[in-house]
């Protein structure tokens, strides 16, 4: 959930470490720090708050050195303050860490009994003292590190500096992602490839149980027994230029406006223009023989999966279970033999989703990943991958990753329906054609940005509570709209199936509660219209997103009604996701919150 960057080379590293940490700000954090090997000592600078605070600290108290590590922390053990900020260090060892050391308390008690004094409340600091204790027993520092790693339980990605071995930088991975970058006369370490993008395109991803010794000449990767292992080198397409704001005030705004392009890119990867059909890459299983699908994800990705459940059951005629990854394996689900498990993740490193994937593999399921990072752990461990082509998503609140996930799920639905014989050629052509219209229609939706900004300022910024309603595939969008508003504006919001309103939520409605209604003109529109009447009858302020026909039907009831382009109901969820993103964005901006890095949240949740 936090970020790691490391460099071993021949040039001063402190400014470069801070630049690397800036590229990791999107992951969410509450403190930051760097440590270097500087003139025979471990020099360290840390700060609570943002990278700008750390940068100011380093400018006031510069540190030198050509080898160093940096970290952005998202608090787990101990409050966000300088004492708990990484790197943690003593006079022999410095460590940065993503993840959780599950047996830290027993290790801490053991080290306290041996006379070690701890300066923080973190689980990470035990790694510093454990390595130091073993070195103090006369063991070579690198071997001491290996022995210490073998005693750690839990999930971790580690970057380690050893004062007695200034010629090396050590990396270790168990559960949390970690990448090595290859340079010319220097080597790099990062929690993802984006941290290393301006320095190198040559990346090696460590596997669970790997630890590596980096020098200026290269890296030696070993397992915990000490045996050398080979890990392939990849050429990433990421570059530092890809993470600019492109003239927008926030990354989130940029990413909302990128959606017509990335939706088109993702669709074009699976659409055969000659035959005007959807073509998936070869799959290592027979789609026609799959008896059941399990859709598994967290957060926004899970809501894409919920839309996929509606689509697949309606058009492909296949039963679909929808599960939150964080709950999935703990209920010991019974898996249908030969079933397909679909895992959706923006980062491809989501800890709960990865754990669910491994559970499903043990249960003999075919595992298909829908990810935005094709070299991520989930992508590497799945049997097959359908990539989204959203490009780097920096804003913590997902936007373009969500809509491209929907595009992939729509394509998967059409392909499975064709393979299973549940969709005739005319219907397939109609739905495929509707998909090809979405990029241009998405661009039309963005033309409403100024009006949505006005609605946000007038109606949503003053609100304490907001309800979102939808039916059918608009129900997951109601959940997503509420999630977006909560995430970045900190306004309490709830999404409901519109038909459930009378079963409790209607008690909350009065003149102070805006109600967002997602109501494309589909077979459920009239029922949703009835719900709007019930909202208005109780003083609720209805803000309706529909098409021109729907707006004409509801404009006399709604406080505000935005007419979106008329599209086939099949693709409506992709289109209608955009205005709820805009509404949340403009509300948050008007309230003055940190839109791109909302409090307490992280972009990649790599611990349970």
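Rounded to the nearest 10 degrees, the inclination of helix 351-362 to the longest alpha-carbon principal axis of the chain is 80 degrees. Among 398, 31, 326, the order by Cβ neighbours within 10 angstrom, fewest to most, reads 326, 31, 398.
For the stretch 29-113, the square roots of the Cα gyration tensor eigenvalues, ordered a ≥ b ≥ c, give a/c of at least 1.5 with a/b no greater than b/c, which places it in the oblate category. Return, ordered by residue number, the residues of the stretch 360-377 whose backbone nitrogen is under 14 Å from a label point located 7 Å along Cα→Cβ of residue 335. Answer for this model: 360-369. Taking one quarter of the surface of the convex hull spanned by the alpha-carbon atoms of the chain gives a direction-averaged projected area of 27.7 nm². Label zone (residue 140, point 7 Å along Cα-to-C-beta; backbone nitrogen cut-off 11 Å) within the stretch 153-189: none.
When each of the peptides 523-533, 403-413 is scored by how many other beta carbons lie within 10 Å of its residues on average, the order from highest to lowest is 403-413, 523-533. Counting neighbouring Cβ atoms within 10 Å and putting the fewest first, the residues 431, 214 line up as 431, 214.
Report, to the nearest 10°, how far helix 125-136 tilts away from the longest principal axis of the Cα atoms in the chain, using its own Cα long axis and a range of 0 to 90°. Once rounded, one gets 20 degrees. The stretch 175-239 and the stretch 428-444 have their alpha-carbon centroids 41 Å apart.
Between residue 231 and residue 464, the simple spin-label model (points 7 angstrom out along Cα→Cβ) gives 5.1 nm. Sorted fewest first by neighbouring Cβ atoms within 10 angstrom, 383, 503 come out as 503, 383. Over the C-alpha atoms of the stretch 251-591, the Rg to Rh ratio, Rh being the Kirkwood estimate, stands at 0.96. Helices in the chain, meaning DSSP H runs of at least 4 residues, each add -39500 (n - 2.57). Divided by all residues, the mean residue ellipticity at 222 nm is -10500 deg cm²/dmol. Across the stretch 3-242, the convex hull enclosing all Cα atoms gives 109 Å³ per residue.
Read-outs: derived from the displayed coordinates by stated rules, not from any lab. Here the structure is a predicted model, which means the values were calculated and not measured. Methodologically, a virtual Cβ is constructed for each residue, glycine included, from the backbone with ideal geometry; neighbour enumeration extends over all protein chains shown.
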